[in-house]
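The values are calculated or read from the model by the stated rules, or taken from the named source; none is laboratory data. Note that the coordinates shown come from a computational prediction; the quantities given were computed from them, not determined experimentally. Using ideal geometry, Cβ is built from the backbone for each residue, glycine included, and neighbour counts are taken over all protein chains shown.
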Amino acid sequence: MIIEAEHLKVEYGNSVVLSDISFYVNRGDYLNIIGPNGSGKTTLIKLLTNLQKPTQGKITIAPVVFGYLPQHLTQSAKLPATVYEVLKLSNSKKPSDEAITALLTDMGMLELKHHPMRKLSGGEQQRVYIIRALLSNPDVLILDEPTSALDPEFRKFFYTYIEKLNDKGLTIIHVTHDLSDGLRHGSRILELDQVVRFFGTFEQYQLLGHRKGGHHHHV
């Protein structure tokens, strides 16, 4: 098991953001974390990446390398750095040029290698961040609403690509509010609305029909 969360609770002042959250992630899993805005998804990611401690409960994380693709692009998109510089210099692993070229080619970005980041479209910038996350050779890839800036055609390619990585054993944690995106068969779903609304497989989730509210289902 890579991650085990037991009865997590997070409070900010008097407001409870997450309450009694229990779930687990095994090596090689593809976990979709879904829920409306304000349901606690971002807070949960902070717990997973150790940026936050729970008010109550326990989270156990195996020693793994996390790759993280944030929801909002950072200020480096405005810097005069080129795509290549962002990939080469902003990575603690100092990736090889071969690895950079291979991923740029995979993502259809090779001809933009020496373009300044600020001249790229939002979707192209997002692809650079996807590549950067993969260059750290992560065991677990956390995607926080990764396709918000991507056009539909690339979005489809992106999810096919991520599924291939998952087939090769990369553990994926995918945060989304759009259920039509990237829900792969055989994946798990954790539906949050400050509490766990559902935790189980994609197939079980479909059988139940997508409920609004309703009772807890623990599978």
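Listing for the model above:
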{"quantity": "Qualifying positions in region 180-191 - out of contact with any helix residue (DSSP H, G or I) (no Cβ under 6 Å at 6 or more places or on another chain) and at pLDDT 85 or above", "calculated": "Arg188, Leu190, Glu191"}
{"quantity": "Residue in region 164-179 that is outside the structural domain of Ala102 (by TED's automatic domain parsing), at pLDDT 85 or above, touching a strand residue (DSSP E or B) at 6+ places or on another chain (Cβ under 6 Å) and in a helix (DSSP H, G or I) present", "calculated": "yes"}
{"quantity": "Given (1) more than 26 Å from Pro95 (Cβ to Cβ); (2) surrounded by fewer than 18 Cβ atoms within 10 Å (Cβ to Cβ), number of the condition Thr49 does not satisfy", "calculated": "(1)"}
{"quantity": "Subset of region 83-119 that is among the β-branched types (Val, Ile, Thr) and at pLDDT 90 or above - its residue that is surrounded by the fewest Cβ atoms within 10 Å (Cβ to Cβ)", "calculated": "Thr105"}
{"quantity": "Test: residue in region 125-137 that is at pLDDT 75 or above, assigned to a loop (DSSP other than H, G, I, E, B) and under 18 Å from the mean Cα position of the chain (by Cα)", "calculated": "yes"}
{"quantity": "Test result for Leu8, in contact with a Lys or Arg (Cβ under 7 Å, 6 or more places away or on another chain), on the phi < 0 side of the Ramachandran plot and either polar (S, T, N, Q) or crowded, with 17+ Cβ neighbours inside 10 Å (or both)", "calculated": "no"}
{"quantity": "Qualifying positions in region 18-58 - in contact with a strand residue (DSSP E or B) (Cβ under 7 Å, 6 or more places away or on another chain), over 14 Å from Leu190 (Cβ atoms) and charged (D, E, K, R)", "calculated": "Arg27, Lys58"}
